[in-house]
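Reviewing the structure listed below.
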Amino acid sequence: MSASEGFQEFLRDQLAGFGPVSIRRMFGGAGVYADNVMFGLIADDTLYLKADDTTAPDFEAEGMRAFTYTAKGRKPVSMSYWEVPLRLLEDPDELVAWARAALSIACAAKRPARKKKPARRKTAPKRST
C-alpha cells in the first residue's frame with residue numbers, strides 16, 4: 001500500500017471545497033482526516049471513503065468494492081471504506097459531497113473515548129499478631 005505525495009496533493013486540490021483536510025501516513029498508506037476524524041483511506045494511490053449501510057449501495061452501483069486487506073496467515077478482512085469511482089476524482093463538487101457523507105458516517109461511528117478506571121489501590125495484607 002502506498003500513498004504518493006503527488007496523489008495526496010491532487011486529493012487536497014480536489015477536496016479544496018470540503019474544507020481543511022489532513023493526510024497522515026499509516027501502514028504504508030494514509031488516512032484522510034477532518035477535525036481529527038478519519039473519513040478516508042489512501043492505498044496504492046486509490047481513495048476509499050467511509051461508508052455504511054445507507055451509502056455502500058451507492059458505491060456498489062458504481063461497481064466499486066470495499067477496501068480489503070490480508071494479515072499474515074489470516075483470511076481477508078473487509079473494512080467499511082469503499083473505493084471512490086474514478087469519475088468523482090474528476091468532479092470536485094461531487095467528490096466533496098461524497099466526502100461530506102463519509103465524514104458524517106465516520107463521526108457517527110466514532111466511539112466515545114473510554115474513561116480510564118482509576119488504578120486499584122492495593123491494600124496491605126493483614127498481619128496476624
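A short reminder: the numbers here are calculations on the coordinates, not readings from a lab. As the structure is a computational prediction, the values presented were derived from the model and not from experiment. Glycine gets a Cβ as well: all are built from the backbone with ideal geometry, and neighbour counts include every protein chain shown.
Taking Cβ atoms as reference points and 13 Å as the exclusive limit, the residues near Phe39 contribute a net charge of +2, counting Lys and Arg as +1 and Asp and Glu as -1.
Once you list every other residue whose beta carbon is under 12 Å from the beta carbon of Gly17, what net charge do they have if Lys and Arg are +1 and Asp and Glu are -1? Charge balance near Gly17 sits at -2. Around the Cα centre of the range 5-109, unit charges on the Cβ atoms of Lys, Arg, Asp and Glu (plus for the first two, minus for the last two) sum to a dipole of about 660 debye. Among the GluC sites (Glu not before Pro) in the range 1-109, those located in a DSSP loop and surrounded by at most 15 other Cβ atoms within 10 Å of their own Cβ are Glu62, Glu90. With contacts taken as Cα pairs under 8 Å and at least 6 residues apart, the range 5-109 reaches a relative contact order of 28 percent.
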